[in-house]
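> Sharing a structure here in structure tokens format.
The numbers here are math on the coordinates, done by the rules we state, and not lab data. Because the structure is a prediction, the values reported are computed rather than measured. Positions of Cβ are generated from backbone atoms using ideal geometry, with glycine treated the same way; all protein chains shown enter the neighbour counts.
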Amino acid sequence: MLLNHPKMLDDKERVMHYLQAVNIAARDAANVVRHLREFYRPREANENFQPVDLNQLVGGTISLTQPKWKNQAQATDIAICLKKDLQHIPLIAGVEAELREVLTNLIFNAVDSMPDGGTITLRTCTDGVCVILEVIDTGMGMAEEVRLRCLEPFFSTKGTTGTGLGLSVSYSIVRAHGGDLTVCSAVNQGTTFTLRLPAATVV
């Protein structure tokens with residue numbers, strides 16, 4: 001955008017915002033490549049987890065993915081509303097870039113499931129043991145046979161536009177964090193992805 005619209009360079013604040021988004025996206029992309037090894041090489045046991053504020057991560061990911069769920073959708077006359085329902089939750093232990101990758105994949109998946117627009121809701125809460133993050137969309141939903149396979153590596157319903165890695169890599173990341181990722185969906189009833197991650201014991 002900056003290369004195509006050089007006049008935007010005069011707006012320093014806007015330029016810095018875009019450069020920060022590019023920087024985060026590039027680092028996360030490198031992280032995606034590293035994660036592909038998980039399909040053929042086990043993760044190191046001494047992974048260096050840090051305390052992560054999941055609510056803060058949700059807010060940052062919403063901003064980072066805005067070109068997909070808002071700008072790109074509006075360019076095709078599609079209205080997508082993204083809502084937050086964030087409760088007070090404890091920190092979790094993990095790798096922030098990896099968890100952001102999971103949430104980004106789920107948001108993009110939700111957008112793709114709503115070709116005519118709709119609503120995405122990001123909700124956090126806790127059950128006292130785990131921190132729960134739900135990504136809820138009002139899209140087309142999945143048939144039961146698709147729901148049962150959607151987390152498998154290389155399974156995709158998007159034809160040549162999908163790699164079949166987004167959800168499977170996300171599932172691997174969540175499992176590596178000691179958590180679980182489940183899917184509830186039905187045709188024309190939308191989809192809910194639920195992440196359950198253990199709260200950090202040391203902060």
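> So if we plug the beta-carbon distance of residue 81 and residue 48 into 1/(1 + (r/R0)^6) with R0 = 45 Å, what FRET efficiency do we get, rounded to 0.05?
0.75
> Between residue 94 and residues 5 or more places away or on another chain, which pairs have amide H atoms under 5 Å apart, with H built 1.01 Å from N, and which residues are they?
Sorted by chain and number, the residues that satisfy this are 50, 52.
> Subtract the Cα-Cα distance of residue 125 and residue 27 from 0.36 nm times their separation in residues, and report this length gain in nm to one decimal.
So the chain would gain 32.5 nm between residue 125 and residue 27.
> For labels at residue 187 and residue 175 in the simple 7 Å Cα→Cβ model, what's the distance in nm?
2.9 nm
> Most fluctuating residue of 140, 16, 114 in a GNM of the chain with Cα springs under 10 Å: which is it?
16
> Next question. Considering lysine pairs in the chain that are 8 or more places apart or on different chains, how many have Cα atoms under 29 Å apart?
Total qualifying Lys-Lys pairs in the chain comes to 12.
> Another question about this same structure. What shape does the chain have by the C-alpha gyration tensor, where a ≥ b ≥ c are the square roots of the eigenvalues, rounded means a/c under 1.5, and otherwise prolate means a/b greater than b/c and oblate the rest?
rounded
> By its C-alpha gyration tensor, with a ≥ b ≥ c as the square roots of the eigenvalues, how is the stretch 57-156 shaped: rounded for a/c under 1.5, else prolate for a/b larger than b/c, else oblate?
Judged from the Cα gyration tensor, the stretch 57-156 comes out oblate (a/c at least 1.5, b/c at or above a/b).
> Now for a separate question. Given charges of +1 on the Cβ of Lys and Arg and -1 on the Cβ of Asp and Glu, with all other atoms neutral, how large is the dipole of the chain about its Cα centre, in debye to the nearest 20?
I would put it at about 300 debye.
> To continue, here is another question. Mind checking which of 139, 168, 124 is farthest towards the positive end of the chain's charge dipole, using Cβ charges of +1 (Lys, Arg) and -1 (Asp, Glu) about the Cα centre?
168
> In a Gaussian network model over the chain where Cα atoms closer than 10 Å are linked, find which of 68, 83, 12 has the largest mean-square fluctuation.
Checking each option, the largest mean-square fluctuation is seen for 12.
> Need one number: nm distance between label points at residue 20 and residue 68, each 7 Å from Cα along Cα→Cβ, rounded to one decimal.
The two pseudo-label positions are separated by 2.1 nm.
> What residue among 101, 134, 145 shows peak mean-square fluctuation when the chain is described by a Gaussian network model with Cα springs under 10 Å?
Greatest mean-square fluctuation among the candidates belongs to 145.
> Post the alpha-carbon centroid distance, the stretch 129-152 to the stretch 111-128, in whole angstrom.
So the two Cα centres are separated by 10 Å.
> Still on this structure, I have one more. Could you grab the relative contact order for the chain? Cα pairs under 8 Å, six or more apart, rounded to a whole percent.
Answer for the chain is 20 percent.
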